[in-house]
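Just so it is clear, none of the values below were taken in a lab; they were calculated from the coordinates. Note that the structure is predicted; figures quoted are calculated from it, not measured. FYI the Cβ positions are ideal-geometry reconstructions off the backbone, even for glycines, and counts take in every protein chain you see.
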Amino acid sequence: MGLRAHGRRIAFTMAEILLSLTIIGVVAAITLPSLTGNINERTWNTQRKALYARFSQALALMPSLNGYGTLTEDESGSIEDTAAETFVTAGLSKVMKINNICDSEHLKDCGLSNKVTDLYGSTAYVEIPKTLAAFNSAFNHSHSAEEWSYVQTDTKAAAFETANGESVLAFYNPYCQARRYNERPGYEWIQPYMCANFVFDLNGSKGPNTMGKDIGFISVLYPSDPMVVMPVPDKYSTTTVLQDKAGNTCRNLDENNRTPNKEELAAMFINRKLLNNSSSFVIDTSWASDRILNRSENLGYIVSSINGAGHWTIVDLDTTTAQVWCVKR
């Protein structure tokens, strides 16, 4: 029933109705993307945490993470590499529900997208990396030094789909080494401690295929009593500060930020292509939250690089300043 004024019925004109609908449409166009983005953000966060929990529980059940697969040279000099694929089929699939496993030549069959966007909106890669070295050139690194020497073994990637629908790209180092509990002074290379590194896509190739949204990574260090880390990098501060100021620096950028520990920083170095694929970009001189205990000196860690390879550097916390790359809680 329409409105009445002095006995007359008043109705809205077509122009008024169209104007109202136009206003509603404009408001919806402004607010809906934000609402949808917030919903997606919460969904991704929930999925990410659930995936991390499943990985942590599964990997804790494996007696050791190194030694899976073969890396043998035949008479022609070619390498038979089944390391990552065997790690997934004979190891991980025994403790975690996996629906589909793909070798390095069929990675896309496990729902992975060729093109992935890095944390800053640029292209991280346009072809799925098929080897450790293709994903991070630091894994094609040979270095000798007075304190440490190693030759990193490049291995082929594998992929799998979880029972919950995530697509996972898996890189594996069958010769990963146990932690040394600060036995060495100076610095320690990161790569030998990395046993497995997983790049996951929470919704397959649907999109947006962007780091920090549906794309993330999980790194596993140390073959026994492994440490499983899944840092969610947020903001990088170029301001150099003492370590005891690093936490406040992160919180000033965002109240939900914190300083990563040294294993999380190692994971960020390993996955640096997903953070920023600029050829000039490295995670360098960035603070870890760890402090070295049971020593008279006040010592801690920064992550830096030598010749492209990452290492934890032990420094004096009273005098050293460094930048900080914050991660979300």
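The figures follow:
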item	result
Point-charge dipole on Cβ atoms (K/R +1, D/E -1) for the stretch 35-328, about Cα centre, debye to 20	1040
For peptides 216-222, 253-259, sequence by mean Cβ density within 10 Å, most packed first	216-222, 253-259
Potential lengthening between I17 and D254 on full extension [0.36 nm per residue; Cα-Cα distance subtracted]	80.9 nm
Per-residue ³J(HN,Hα) for the stretch 258-273, Karplus 6.51 cos²θ - 1.76 cosθ + 1.60, θ = phi - 60°, Hz, x for Gly and Pro	8, 7, x, 7, 5, 6, 5, 5, 4, 4, 5, 5, 4, 9, 4, 4
Simple spin-label estimate for K94 and T70 in nanometres, 7 Å along Cα-Cβ	1.8
P(r) weight above 34 Å for the stretch 35-328, C-alpha pairs, percent	18
